[in-house]
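Contents: one structure, followed by commentary.
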Amino acid sequence: MGSRKSIPLFDAYEVKYPGVSLHTIGPYLGKLRPAHARQLISQYTAKGDTIWDPFCGSGSVLLEAQLQLRQTIGGDVNPYASLLSRAKLHAPSSLITCLRKLGEARDAVRALREPDVSVVPDWVRDFFHEKTLVETIALNEHLEAARDYFLRGCLIGILHHQRPGYLSFPASNFAPYLRNRRFPRADFPEAYKYKDPFVLLEAKARRALRFPPPDQRSRFRLFQRSALHTYVRRSSVDAVISSPPYMKNLDYARDNRLRLWFLGVEDYRHVRQDEMSSGHRFLQEMGIVFQSVSRALRPGGVCIFVLGKIGTKDRERNLSEDLLNEIDEASFGLRLEDYVETTARRRAASSGARGEPRNETTLVLRKQ
């Protein structure tokens, strides 16, 4: 497998460059930091290369690759992840164009008959003022029909939070739980009033386009499909750059259940059953992914996986070590080139405090 080494990978300072503000379209647990993705792409690929991210999540790698004029292939089984990625890749380069489309959407929605929210599940209705919910559902349906991925991604991104710029009653940001005990209606009546989704969506779009992306961007393909069932043509990829899911540490379906409902998923467990498994099955399934990666990579291409540790501080497992052992046992024609240890600040979930620094390992494997 070759020798391991630890090298400095990226500067923690986030540079303000065209397109970077698109990473704020919507919250997503455990996403790869844009600076990390940008450095990996710059260091290991060249302009015009094709990069495949089989676990694209909210599209950090895809967007950074597009901004650096690499061709991209992405995939994720979660509809919310797919929408965020499409929103970033379809983002307009002009705020004026975006605001014109939003104005057209406002006129179209207000000319339509209001949707019947009596059929909306109670748990969804609990998050919103009724008028806010009616207008949000109508706007979401219009943007879906218009295939306006950018504005729809921005809308789904502001569904719930405790801040005034979001559509819900006070709620947590990443996982939808009402915070009515922390913000009692009697003490915070302004937090439970009607919120205009058109006004809040415009503010969100302005924030996301604070640093508009350039007009010249690369081609991309995006699959809403599990990495276990994604076909990529043999020897068609120069690099695979991805961050596989953190197994039991994150529950991407459950923690996005409100956003998934607005995307047509009545029961988030239908998404969960198609996600990667945990424990030993995760390693078995990653073996299937490695087979696909090895097949898709051109000779000399690189496979880069960013992985963390799981479990508690007392009983941690290093996913990188587990995967290297899996590679040793089965020959995929991949040789270890770099073994980079970094400390990153990601959003954790059920294990550990949210946002606490976590050790990550970046595996760089070279196709023979």
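Quick one: is His161 assigned by TED's automatic domain parsing to the domain that holds Phe198, surrounded by 15 or more Cβ atoms within 10 Å (Cβ to Cβ), modelled with pLDDT of 95 or more and closer than 15 Å to Leu258 by Cα?
Here the answer is yes, as His161 does meet what is asked.
Do the conditions hold for Leu222, that is, is it of a type outside the set (Phe, Trp, Tyr), part of a strand (DSSP E or B) and touching a residue at least 24 places away in the same chain (Cβ under 8 Å)?
So Leu222 passes the test.
Mind listing just one residue for me: the one in the range 266-305 that is under 28 Å from Glu144 (Cα atoms) and over 17 Å from the mean Cα position of the chain (by Cα) and, of those, modelled with the lowest pLDDT?
It comes out as Gln273.
Looking only at residues in the range 1-38 that are surrounded by 15 or more Cβ atoms within 10 Å (Cβ to Cβ) and modelled with pLDDT under 55, which one is nearest to Leu258 (Cα to Cα)?
Phe10
If I go through the range 100-118 residue by residue, how many of them are touching a helix residue (DSSP H, G or I) at 6+ places or on another chain (Cβ under 7 Å) and either assigned to a helix (DSSP H, G or I) or at pLDDT 95 or above (or both)?
The number of residues fulfilling the criteria is 7.
Could we say that Ser42 is over 22 Å from Arg257 (Cα atoms), in contact (Cβ under 8 Å) with a residue 60 or more places away in the chain and surrounded by fewer than 23 Cβ atoms within 10 Å (Cβ to Cβ) here?
no
What number of residues within the range 62-85 are closer than 15 Å to Pro213 by Cα and within 11 Å of the chain's Cα centre (by Cα)?
So the count comes out to 3.
Filter the range 189-206 down to residues that are of a type outside the set (Ser, Thr, Tyr) and surrounded by fewer than 16 Cβ atoms within 10 Å (Cβ to Cβ), then give me how many there are.
Residues meeting the conditions: 7.
Given the conditions (1) within 23 Å of the chain's Cα centre (by Cα); (2) touching a residue at least 60 places away in the same chain (Cβ under 8 Å), report the number of the one that Tyr194 does not fulfil.
(1)
With respect to the numbered conditions (1) among the aromatic types (Phe, Trp, Tyr); (2) at pLDDT 95 or above; (3) touching a Ser or Thr at 6+ places or on another chain (Cβ under 8 Å), which one is the sole condition not fulfilled by Phe223?
(2)
Out of Ala145, Ala239, Ala186, report the one residue that is in contact (Cβ under 8 Å) with a residue 24 or more places away in the chain, among the small types (Gly, Ala, Ser) and out of contact with any Lys or Arg (no Cβ under 6 Å at 6 or more places or on another chain).
Ala239
What number of residues within the range 41-90 are assigned to a helix (DSSP H, G or I), among the polar types (S, T, N, Q) and over 21 Å from Asp148 (Cα atoms)?
Residues flagged as assigned to a helix (DSSP H, G or I), among the polar types (S, T, N, Q) and over 21 Å from Asp148 (Cα atoms) within the range 41-90 amount to 2.
The values are calculated or read from the model by the stated rules, or taken from the named source; none is laboratory data. Remember, predicted model here, so these are calculated numbers, not experimental data. A quick note on method: Cβ atoms are made from the backbone with ideal geometry, for glycine too, and the neighbour counts reach across all protein chains shown.
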